[in-house]
Each structure stands twice: as C-alpha cells, then as structure tokens.
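Step one of this worksheet: look at the structure below.
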Amino acid sequence: MPTDKISIAFTLDEALVLLEAAAKLNGAELSAANLDECEQQSLFDLEAQLEKSLPAVLSNNYADELVAAKLRLGSK
C-alpha cells in the first residue's frame, strides 16, 4: 500500500458540509453513485477522517451547526 500522503485544508464549514455529503453517499445513495469498490472505500475513509477531525459531529446541535455552515458557505 502506498504511504505517500497529501494534505488538503478546508474551513470548518467546508469540512462539515463535505462530511454530510460523504455520509449521504456512503448511505443509501452509494449504489446509485456507480462507484467501484476502491472509490467506495476511499469515500468511506474520507468520511472517517472528517468525523475524527470535527468536534461538531458529537454536538447536540449538529443539525443547527450544519445549517449555519451551509448558510455561511452560500454567502461566499
């Protein structure tokens, strides 16, 4: 397995919205996305890394924080 790594910087808002999108794709819509096994695993790994990096995931206000992040991103 290759060990070369890259780093990508996201704002907290971008990361939160990206996590939500990845979670949706990893859910019921995964088969409709027509991803191969490698792509599916990579998306799952991305979702896991985002979950570990975002304190909002454990927040009781997760839904509100997600809505606020989407609003802030929409105003860019």
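What number of residues in the stretch 61-75 are under 15 Å from ALA15 (Cβ atoms) and either open to solvent by 70 Å² or more (accessible area, probe 1.4 Å) or touching a strand residue (DSSP E or B) at 6+ places or on another chain (Cβ under 9 Å) (or both)?
Result for the stretch 61-75: 2.
Within the stretch 27-48, identify whether any single residue is in a helix (DSSP H, G or I), surrounded by fewer than 15 Cβ atoms within 10 Å (Cβ to Cβ), modelled with pLDDT of 90 or more and aliphatic (A, V, I, L, M), and answer yes or no.
Within the stretch 27-48 (the criterion being in a helix (DSSP H, G or I), surrounded by fewer than 15 Cβ atoms within 10 Å (Cβ to Cβ), modelled with pLDDT of 90 or more and aliphatic (A, V, I, L, M)), the answer is yes, since at least one residue qualifies.
Restricting the stretch 1-20 to residues that are loosely packed, with under 12 Cβ neighbours inside 10 Å and modelled with pLDDT of 85 or more, which is farthest from GLU65 (Cα to Cα)?
ASP4
Would you mind stating whether SER7 is assigned to a loop (DSSP other than H, G, I, E, B), under 16 Å from the mean Cα position of the chain (by Cα) and without any contact (Cβ under 8 Å) to a residue 40 or more places away in the chain?
yes
The values are calculated or read from the model by the stated rules, or taken from the named source; none is laboratory data. Note that the structure is predicted; figures quoted are calculated from it, not measured. Using ideal geometry, Cβ is built from the backbone for each residue, glycine included, and neighbour counts are taken over all protein chains shown. Remember, those area values only see protein heavy atoms, side chains included, never the ligands or the DNA or RNA. Shrake-Rupley method; radii C 1.70, N 1.55, O 1.52, S 1.80 Å.
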